[in-house]
1. Conditions: (1) among the aliphatic types (A, V, I, L, M); (2) more than 15 Å from the ligand (Cβ to nearest atom); (3) more than 16 Å from the chain's Cα centre (by Cα). Residue 94 meets all but one. Number of the miss?
2. Kindly list the number of the only condition in (1) within 19 Å of residue 98 (Cβ to Cβ); (2) of a type in the set (Val, Ile, Thr); (3) at pLDDT below 95; (4) not in a loop (DSSP other than H, G, I, E, B) that fails for residue 43.
3. (1) away from the ligand (no atom under 16 Å from the Cβ); (2) surrounded by fewer than 17 Cβ atoms within 10 Å (Cβ to Cβ); (3) hydrophobic (A, V, I, L, M, F, W, C): which one isn't true of residue 17, the others all being true?
4. Whether any residue in the stretch 58-72 is in contact with a strand residue (DSSP E or B) (Cβ under 7 Å, 6 or more places away or on another chain), farther than 23 Å from residue 168 by Cα, assigned by TED's automatic domain parsing to the domain that holds residue 116 and not β-branched (Val, Ile, Thr) is what I want to check.
5. Here is a list: 68, 56, 22, 49. Which entry is crowded, with 16+ Cβ neighbours inside 10 Å and either charged (D, E, K, R) or within 16 Å of the ligand (Cβ to nearest atom) (or both)?
6. Which pairs have Cβ atoms under 6 Å, sit 6 or more apart or on different chains, and link a residue in the stretch 48-64 that is closer than 18 Å to residue 19 by Cα to one that is more than 12 Å from the ligand (Cβ to nearest atom) and in a loop (DSSP other than H, G, I, E, B)?
7. Conditions first: (1) within 16 Å of the ligand (Cβ to nearest atom); (2) over 21 Å from residue 168 (Cα atoms); (3) buried (at least 20 other Cβ atoms within 10 Å of the Cβ). Residue 37 passes all but one, so which condition is the exception?
Amino acid sequence: MSTRILVVEDEEKLARFIELELIHEGYDVDKAGDGRVALDKATQENFDLILLDIMLPGLNGLEVLRRLSKDNPTPVILLTARDAVMDKVAGLDAGAVDYITKPFAIEELLARIRVALKLHGRQLNANIAAQGPADSREEGIYTWNGVVLDEKKHKVTYNGQEIPLTNREFLMLETLLSNKDIVLSRDTLLEKVCGYDYVGETNVVDVYIRFLRTKIDETFGIKMIQTVRGVGYVIKSE
Ligand code: CA
């Protein structure tokens, strides 16, 4: 079965251009030029990935994303205007797996799509693994001072309270927790979290670290992730 992508973009020429390129790459494509139509399609049909413009009539892309994200397993890549830094941060926070700034080279968009699809595959595998036998659960569990990351359940808790994380935040925390006391460079973390062929900026790592600190360190008043200046990040043993 071929991979289905929903292209949400109100600029018709751009939408058509992306559609043709994606079809050329062998993807199945559907389009929506309005936020409400996009939300309907995304909730009623199955897509492997959604490309979502932020500035849209009907509902804007961030609103579509927020309404979708709750139980939405489909990776979303945002199309953002240049310099819309807050949109990018808000979008990643709302569950987008990546963003690309307009105007973009089509090769870059295609590379981001491949990475997002690969990441999503990993999440599916994790979900399948979560249904495995209970007695082998211990091996995928990492802990730090009340923080418990269960790899197979794809779940993180603090003193039993669940912490909702996006897929990349989870991968970032998993990488740090499974390498306790080892200082990991931004490059290493980027590679683990975004894949070898990621073509974006390494400061994406800092963005995810900030999200993790907001969701865990600041929420619970703990200091889990340490910055090692000029090197990277580490979680030290309790
Ligand atoms: Ca637009």
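The values are calculated or read from the model by the stated rules, or taken from the named source; none is laboratory data. What you are looking at is a predicted structure, and each value in this text was computed from that prediction instead of being measured. Here the Cβ is made from the backbone with ideal geometry for all residues, glycine too, and neighbour counts use every protein chain on show.
1. It fails just one condition, (3).
2. The number of the failed condition is (1).
3. Failing condition for residue 17: (1).
4. no
5. Testing whether each residue is crowded, with 16+ Cβ neighbours inside 10 Å and either charged (D, E, K, R) or within 16 Å of the ligand (Cβ to nearest atom) (or both) leaves just 56.
6. The qualifying pairs are 48/3; 49/75; 50/74.
7. Only one criterion in (1) within 16 Å of the ligand (Cβ to nearest atom); (2) over 21 Å from residue 168 (Cα atoms); (3) buried (at least 20 other Cβ atoms within 10 Å of the Cβ) is unmet by residue 37, namely (3).
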